[in-house]
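First the structure, in the form of structure tokens, and then the observations on it.
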Amino acid sequence: MAKKNKSALQEKEGVSISETTNKASIASFKQKRKTKLDSNSLVTSILNQDITALSRAITLVESKNSTHKAQANTILKACLPHANKSVRIGITGVPGVGKSTFIEAFGKHLTAQGKRVAVLAIDPSSSITKGSILGDKTRMEALVKDDNAFIRPSASGDSLGGVARKTRETIILCEAAGFDVIIIETVGVGQSETTVHSMVDFFLLLKLSGAGDELQGIKRGIIEMADTIAINKADGDNIKQAKLAQVEFKRALHLYPEKASQWQPKVTLCSALENQGIEDIWNIILDYVRTTTKSKYFQHNRLEQNTFWLIQTVENQLKSNFFSTPKIKKALKEQIQLLENNKTTPFAAADYLLGIKD
């Protein structure tokens, strides 16, 4: 009888039961969403290896919203004591070398051993539309379904070398979430390799043979950064050419000066498609970690990287603060107008802008 009276009262007020239920559900959802976005709740969930919380925190880190930035800094500070326990691996290679296929095979090999793997894939952004495809999850179909793997594609935006602006902070969050291996895939063009090299422990260069991609087709700097060169697609009729390329690279590496890590870079063959040579590459990485940990280079390198990123962060913040100043915004438009009218030079305009006082 009470239920009938309640229903009659709702109908009398012009509110249906379903509408009331929907409003209650929406309110409940909003409340849950608000709770989930609380910094302390996010940190607790991240430390409990909650992937949804990790994704939300990374979104906050990547956001340009000032409120999100403050919250992200709080989360990062809380997560930092739980970070720095992974092996960070940078993987690069020209488009078409098979980076995504290799990462999937490599990731599956590690998860089969009980490792937790996070893949931070940097997707190039269009210089025209500023958009990105972010298709790495579709290219790594098997790995994306693995409970021990986490794939996060990020748009490169306008950051240095096409590397996502907050990749460094994302690494910390992934480590706090208990991932043993962090893989960073570069765009494979420009100077992204240099930036990724400055945030990883081990740098793997994937190469092809028989595609005009031997010694003459690469930059010296990239080879100098590589801790191992893996010649991919070494299968079928391509095995002979791959072995010849391996010999060439081995000879070339002996001509380079000794690395600060005192590690002698390796050259190996692999076929991500046929899952061959993947275990050998992991064993090389483990050997590298053991060798550099024993020589104390491993920790020294991470400290140097932290110093580098401190300076980079300060420079980025100064730049952001400078261009967001109202006086500078106005003066910049004026100087651009003068440039268009051929009444000043870029250098004189820069000196003028830098000389403006608050």
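A short reminder: the numbers here are calculations on the coordinates, not readings from a lab. Quick caveat: nothing in here was measured; it's all calculated off a predicted structure. No Cβ is skipped: glycine too gets one built from the backbone with ideal geometry, and neighbour counts run over all protein chains shown.
Can you list which of the GluC sites (Glu not before Pro) found in the stretch 248-342 are DSSP loop residues with at most 13 other C-beta atoms within 10 Å?
Those that pass, being in a loop and sparsely packed, are GLU258, GLU274.
Taking the Cα-to-Cβ direction at HIS109 and at LEU286 and moving 7 Å from each Cα, how far apart do the two end points lie in nm?
1.1
Sorted by packing (mean other beta-carbon atoms within 10 Å per residue), highest first, where do 55-66, 316-327 land?
On the way: 55-66: 17.4, 316-327: 10.7.
Ranking, from highest mean packing down: 55-66, 316-327.
For the stretch 307-354, what are the per-bin percents of Cα-Cα distances with bins 5 Å wide, up to the bin holding the maximum?
Histogramming the stretch 307-354 at 5 Å steps yields 5, 21, 22, 18, 15, 11, 6, 3, 0 percent.
Quick check on my link table: of LYS166/LYS329; LYS77/LYS233; LYS64/LYS108; LYS77/LYS333; LYS115/LYS294, which ones sit more than 31 Å apart, alpha carbon to alpha carbon?
LYS77/LYS233; LYS64/LYS108; LYS77/LYS333
If we sort 101-109, 346-354 on the protection proxy, mean other Cβ atoms within 10 Å, highest first, what's the order?
Working: 101-109: 22.3, 346-354: 12.6.
Going by the mean number of other Cβ atoms within 10 Å, highest first, we get 101-109, 346-354.
Can you work out D for the stretch 217-358 in µm² s⁻¹ from Stokes-Einstein, where Rh is the Kirkwood radius over C-alpha pairs, the temperature is 37 °C and the viscosity is 0.692 mPa s?
It diffuses with D of about 164 µm²/s by this estimate.
Could you derive backbone 3J(HN,Hα) for the stretch 349-357 from the dihedral phi with the Karplus parameters 6.51, -1.76 and 1.60 (θ = phi - 60°), listing whole Hz in sequence and x where the residue is Gly or Pro?
5, 5, 4, 5, 5, 5, x, 6, 8
How far apart, in nm, are the 7 Å Cα→Cβ label points at GLU224 and GLU304?
A separation of 1.2 nm, rounded to one decimal place.
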